[in-house]
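What follows is calculated from the coordinates using simple rules that are stated; it is not laboratory data. For clarity, every value in this text was computed on a predicted model and none was experimentally measured. Note that we place each Cβ from the backbone using ideal geometry, even for glycine, and neighbour counts take in every protein chain shown.
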Amino acid sequence: MSRKPRLAQVRTPVKTRNGTTPTAGGDPARWRAGKVLLLLGVALGGFAGAYAAVTFWPWRGSETPPGMVWVPGGEFTMGTDAAAAWDDEKPAHRVRVDGFWMDETDVTNDQFRRFVDETGYVTTAEKPVDAEQILRQSPPGAPRPTDLAPGSMVFVPTAGPVDITGPQAYRQWWKWTRGADWRHPEGPGSSIEGRGDHPVVQVSWDDANAYAMWAGKRLPTEAEWEHAARGGLDGKTYVWGDEPFNADKPQCHIWQGDFPWRNTAPEGRKRTTPVKSYPPNGYGLYDMSGNVWQWCSDWYQRDLYRERRGKGVIDNPTGPPRSSDPAPPFTPQRVQKGGSFLCNDAYCSRYRPSARHGCPPDTGMSHVGFRCVKTADTAKQAGARADDAEGGRSGLLVALLAGLACVPALVLTASGGRPPNLTLSQGGVR
Ligand SMILES: [Cu+2]
């Protein structure tokens, strides 16, 4: 059959209501307005769909933030009843936490440098010491500190064997060092040259929080941290299970030799090591034992677990309302977890996941770093402030890419071909 009759039919001029015959292009203004409306509808629909998907879809299914792994929520045994453990780890008790994303490694020097370059942030250790603050945190009658030059705490091996028992023993190998900061972890003569993939150290709790906020993340609670460190192995002594540390085939980076004076590790591995140097735990997290201590968001309370006795399963704990520890009664402390390259069974054995200790939030040390976590809440609160490459704005970007793909056409149509002033940051998505 010939197509001619149908074509002819289509091309037959139609009379409009006022009796005129429309020209080939119709009324140009009305056609353009129609096109604009259509494109606007498509753009809005796409945007709304993508935004809803990113916002309401379960986090795990949607997208993995770069450099993070998913830690599934659940119940676990926090603390321990092991005889050899420290008092503040007891008793073991049941805790439940929601799932979250966690940085698969400690924050590295390279990552921290990007934060500082972008924001101009000055760390605690780079600022003069606040004498008033020190006095507020000292026993009554303590002398006013005289050396207020910027600095931080550096581990310095002793010349030979020393008595490592007693609460003040650490003073023999921890030295207040002028000019020590994250760029100079061991003081003015040192640098992080060639250590870009090592964990950043000499960061205070405040520094860690500033970084986390910038990255659209937050510090983990102590419960989240311990749940993550255990990697699904409930009630085990170590993050890899129950087998003791094996010096011939180390499971993590802790002190090798005689603490605190003879370090038998090869040159370049006597302090921090590059992240991912040792096998990850069951959740794919590296260095959850040893290398550097990691800041948590909680205040440190020494007898917290005894208070939890008989209270059943503790749900998503965020720590006590204030710090409390009889050892330094005037100094508030935040929790640190994981142990460091200084840990060893002769001294502290705190590289076990139940181990914990407190440290004043303004204090950086050459064996203390951190890593961040992220939940749907964090992303919504901090996403708008976050850095692109850290994944914090990814929700906004996905929505923009899906919904606004039509925008160039839309704007060009409406503006008759003139390039628009389009500001994507006005999206207002939180
Ligand atoms: Cu230790």
Checklist entry - Of K236/K337; K217/K337; K217/K249; K175/K249; K90/K236, which pairs sit farther than 24 Å apart, going by alpha carbon to alpha carbon? => result K217/K249; K175/K249
Next on the checklist: Can you compute log10 of I(q)/I(0) for segment 138-218 with the Debye formula, treating each Cα as one identical point scatterer, at q = 0.16 Å⁻¹?
Outcome noted: -0.86
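Provide the net charge surrounding P329, with neighbours chosen by a C-beta distance below 13 Å and charges set as Lys +1, Arg +1, Asp -1, Glu -1.
Details: positive: R136, R302, R322; negative: D325.
Here the charged neighbours net out to +2.
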Checklist entry - Relative to the present Cα-Cα distance, how much length would full extension add between V42 and D315 at 0.36 nm per residue of separation? => result 93.9 nm
Checklist entry - Check F100: other-chain or 5+ apart residues with amide H under 5 Å from its amide H, H built from backbone geometry? => result V71, G73
Next on the checklist: I need to check one value: relative contact order of segment 69-383, counting alpha carbon pairs closer than 8 Å and at least 6 residues apart, in percent.
Outcome noted: 27
Checklist outcome for this item: Karplus-derived 3J(HN,Hα) from phi for segment 158-164 (6.51 cos²θ - 1.76 cosθ + 1.60, θ = phi - 60°), whole Hz, x at Gly and Pro, runs 7, 5, x, x, 9, 6, 9
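Can you sort S152, S297 from fewest to most other Cβ atoms within 10 Å of each residue's own Cβ? List each step's numbers first, then the result.
Working: S152 29, S297 20.
Taking fewest neighbouring Cβ atoms as first place, the list is S297, S152.
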Checklist entry - Measuring from label point to label point, each 7 Å out along Cα→Cβ, what is the D206 to A92 span in nm? => result 4.0
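What ranking do V154, V203 get, fewest neighbouring Cβ atoms within 10 angstrom at the top?
On the way: V154 24, V203 28.
Ranked by crowding around the Cβ, least crowded first: V154, V203.
Which FRET efficiency, nearest 0.05, do E267 and A84 yield, Cβ-Cβ r, R0 35 Å? If you can, show how the numbers build up before the last one.
On the way: r = 33 Å, r/R0 = 0.93.
The computed FRET efficiency comes out at 0.60.
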Item to check | Residue-span extension gain [W31 to V122] - 0.36 nm each, minus C-alpha spacing | outcome: 27.0 nm
Checklist outcome for this item: Ordering 237-243, 164-170, 351-357 by per-residue average of other C-beta atoms within 10 angstrom, highest first, gives 351-357, 237-243, 164-170
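Can you give the % of DSSP beta bridges in segment 69-383 that are antiparallel, to the nearest 5? All intermediate terms of the calculation are to be shown ahead of the outcome.
Numbers: 27 of 34 bridges.
The answer is about 80 percent antiparallel.
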Checklist outcome for this item: Unit-weight point scatterers at every alpha-carbon of segment 69-383, Debye formula, q = 0.08 1/Å: log10 I(q)/I(0) is -0.33
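Show me the ranking of peptides 312-325, 110-123, 363-376, 276-289 by mean Cβ neighbours inside 10 Å, starting with the highest. Could you put the intermediate results ahead of the total?
Numbers: 312-325: 13.6, 110-123: 15.7, 363-376: 24.9, 276-289: 20.1.
Top to bottom by mean Cβ count within 10 Å: 363-376, 276-289, 110-123, 312-325.
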Checklist entry - Taking a temperature of 20 °C and a viscosity of 1.002 mPa s, what whole-number D in µm²/s does Stokes-Einstein yield for segment 228-316 with Rh from Kirkwood over alpha carbon pairs? => result 138
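Add +1 for every Lys or Arg and -1 for every Asp or Glu among the other residues with Cβ under 10 Å from the Cβ of R96, and state the total.
Numbers: positive: R94; negative: E75, D98, D315.
With Lys, Arg at +1 and Asp, Glu at -1, the neighbours total -2.
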Item to check | Burial order of peptide ranges 31-38, 343-350 (average beta-carbon count within 10 Å, highest first) | outcome: 343-350, 31-38
Item to check | Spin-label model distance (nm) - E75 vs A149, 7 Å beyond Cα toward Cβ | outcome: 5.7
Item to check | Label-to-label distance, nm, for residues given as Q133 and T158 (7 Å Cα→Cβ offset) | outcome: 3.0
Item to check | Burial ordering of H184, H253, fewest other beta-carbon atoms within 10 Å first | outcome: H184, H253
